[in-house]
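Student: I am attaching a structure below and will ask some questions about it afterwards.
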Amino acid sequence: ARQQRSGHAQAPAAAWAELAAFEPESRLMARNRIVTFADADPAHVTFDMMRTKLLRTLRQNGWVSVGVTSPTADCGKTTTCLNIAFSLAHQPEIRTVLVDLDLRRPALARHLGLTQPQSMASVLQGTRPVAENFVRYGDNLAIGTNATSVRASSEILLSAATAKGVASLKAAFQPDVILYDLPPMLQSDDVMAFAPHLDCVLLVAAAEKSRLDEVDKCEQDLAEQTKVLGVVLNKCRYGSEEYGYY
């Protein structure tokens, strides 16, 4: 285990140590295009560049909480979230927390092959301990997922209990980066309900699927609540052969 960093108390180190260790299955990760897990696909360079830009922006502004969303479903926001998370995990001095907040259509557990029952809604509402709902990859990536969809998700995200739950997560882990995998913006009000807890948001658009007016609408709505880091164009088929699918 790496040494405790200066500036971090012993309590967060204990919180990380309580989490069950988890090692994803490499073939599943490759099948789900999580290219930063093994760095075997040249496309990982694209996400490493995104990681570096993200870290520079967070450090310059003193930000921690990053939301990742998309205009509509199936734009690749969860794949993008996971690739950024594992790219960050390669930086041993960076503590990263990845949270599935797509309460209506959770996907992180499926992408990772996690089968045990988990509920981020219960953690945020204070009815489930953090240690029971998160797993740890290596020493510096904690992942919290959902097993099933949740009704009234926007009401949960708007509640005072969730505000306390978010604060508790930060206090427990003292992360350098928290990545929230959020629902698509144009299919519910969940993102806007949770926006006050975010320092910035990354918007993922899909080539030949996301319309420019949808992207513009999302950017405008987000800009009224938080900072927009930028737009990621995913599923583009006309890139360099060297970088394959991405």
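Student: Are there any pairs with C-beta distances below 8 angstrom linking a residue in the range 42-65 that is more than 17 Å from Asp176 (Cβ to Cβ) to a residue that is assigned to a helix (DSSP H, G or I) and open to solvent by 70 Å² or more (accessible area, probe 1.4 Å), with the two at least 6 apart or on different chains, and if so which?
Tutor: Note: pairs meeting the criteria are Pro42/Glu242; Pro42/Tyr243; Ala43/Tyr243; Val45/Tyr243; Thr46/Tyr243.
Student: Hey, can you tell me all the residues within the range 151-179 that are surrounded by fewer than 19 Cβ atoms within 10 Å (Cβ to Cβ) and either aliphatic (A, V, I, L, M) or under 17 Å from Val130 (Cα atoms) (or both)?
Tutor: Ala152, Leu158, Ala160, Ala161, Ala163, Lys164, Ala167, Ser168, Lys170, Ala171
Student: Just give me the residues in the range 72-81 being in a loop (DSSP other than H, G, I, E, B) and hydrophobic (A, V, I, L, M, F, W, C), in sequence order.
Tutor: Ala73, Cys75
Residues checked against (1) closer than 18 Å to Leu19 by Cα; (2) among the charged types (D, E, K, R):
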residue	(1), (2)
Thr80	no, no
Gln125	no, no
Thr148	no, no
Glu155	no, yes
Phe173	yes, no
Ile178	yes, no
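Student: Can you name every residue in the range 120-137 that is modelled with pLDDT under 95 and open to solvent by 30 Å² or more (accessible area, probe 1.4 Å)?
Tutor: Once the filter is applied, which keeps residues that are modelled with pLDDT under 95 and open to solvent by 30 Å² or more (accessible area, probe 1.4 Å), the range 120-137 yields Ser122, Gln125, Gly126, Thr127, Arg128, Pro129, Val130, Ala131, Glu132.
Student: Among all residue pairs at least 6 apart or on different chains, which show Cβ distances below 6 Å where the first residue, located in the range 117-141, is farther than 27 Å from Ser87 by Cβ and of a type in the set (A, V, I, L, M) and the second is modelled with pLDDT of 90 or more and crowded, with 20+ Cβ neighbours inside 10 Å?
Tutor: Once the first residue is farther than 27 Å from Ser87 by Cβ and of a type in the set (A, V, I, L, M) and sits in the range 117-141, its partners that are modelled with pLDDT of 90 or more and crowded, with 20+ Cβ neighbours inside 10 Å give Ala121/Leu103; Ala121/Ile156.
Student: Would you tally the residues in the range 49-71 being out of contact with any Leu (no Cβ under 6 Å at 6 or more places or on another chain) and either part of a loop (DSSP other than H, G, I, E, B) or under 21 Å from Asn140 (Cβ atoms) (or both)?
Tutor: 14
Conditions (1) hydrophobic (A, V, I, L, M, F, W, C); (2) under 26 Å from Arg151 (Cα atoms); (3) open to solvent by 20 Å² or more (accessible area, probe 1.4 Å), marked per residue:
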residue	(1), (2), (3)
Pro184	no, yes, no
Ser188	no, yes, yes
His197	no, yes, yes
Val201	yes, yes, no
Lys209	no, no, yes
Gln220	no, no, yes
Asn234	no, no, no
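Student: Specify which of the listed residues (Thr46, Thr72, Thr78) is β-branched (Val, Ile, Thr), within 22 Å of Ala195 (Cα to Cα) and surrounded by fewer than 21 Cβ atoms within 10 Å (Cβ to Cβ). Lay out the reasoning, then the answer.
Tutor: Numbers: Thr46 fails: within 22 Å of Ala195 (Cα to Cα); Thr78 fails: surrounded by fewer than 21 Cβ atoms within 10 Å (Cβ to Cβ).
Answer to the check: Thr72.
Student: Test Ile84 against the stated conditions and say whether it is in a helix (DSSP H, G or I) and at pLDDT 95 or above.
Tutor: Details: in a helix (DSSP H, G or I): yes; at pLDDT 95 or above: yes.
Taking the combined requirement at face value, the residue satisfies it.
Student: To continue, here is another question. If the requirement is being over 24 Å from Met192 (Cα atoms), of a type in the set (Lys, Arg) and in contact (Cβ under 8 Å) with a residue 24 or more places away in the chain, which of these qualifies: Arg110, Arg95, Arg104?
Tutor: Going through Arg110, Arg95, Arg104 in turn, just one is over 24 Å from Met192 (Cα atoms), of a type in the set (Lys, Arg) and in contact (Cβ under 8 Å) with a residue 24 or more places away in the chain: Arg95.
Student: Go through the range 28-41 and give me each residue that's open to solvent by 60 Å² or more (accessible area, probe 1.4 Å) and either part of a helix (DSSP H, G or I) or under 16 Å from Asp176 (Cβ atoms) (or both).
Tutor: Within the range 28-41, Ala30, Arg31 qualify.
Student: Out of curiosity, is Gly62 out of contact with any helix residue (DSSP H, G or I) (no Cβ under 7 Å at 6 or more places or on another chain) and either acidic (Asp, Glu) or modelled with pLDDT under 95 (or both)? Walk me through how you get there before you give the answer.
Tutor: Details: out of contact with any helix residue (DSSP H, G or I) (no Cβ under 7 Å at 6 or more places or on another chain): yes; either acidic (Asp, Glu) or modelled with pLDDT under 95 (or both): no.
For Gly62, the condition - out of contact with any helix residue (DSSP H, G or I) (no Cβ under 7 Å at 6 or more places or on another chain) and either acidic (Asp, Glu) or modelled with pLDDT under 95 (or both) - is not met.
The values are calculated or read from the model by the stated rules, or taken from the named source; none is laboratory data. Predicted model, so just to flag it, every value in this text is computed and none were measured. For neighbour counting, all protein chains shown are included, and Cβ atoms are generated from backbone atoms with ideal geometry for every residue, glycine included. Ligands, DNA and RNA are excluded from the accessible area calculation, which covers all protein heavy atoms including side chains. Shrake-Rupley method; radii C 1.70, N 1.55, O 1.52, S 1.80 Å.
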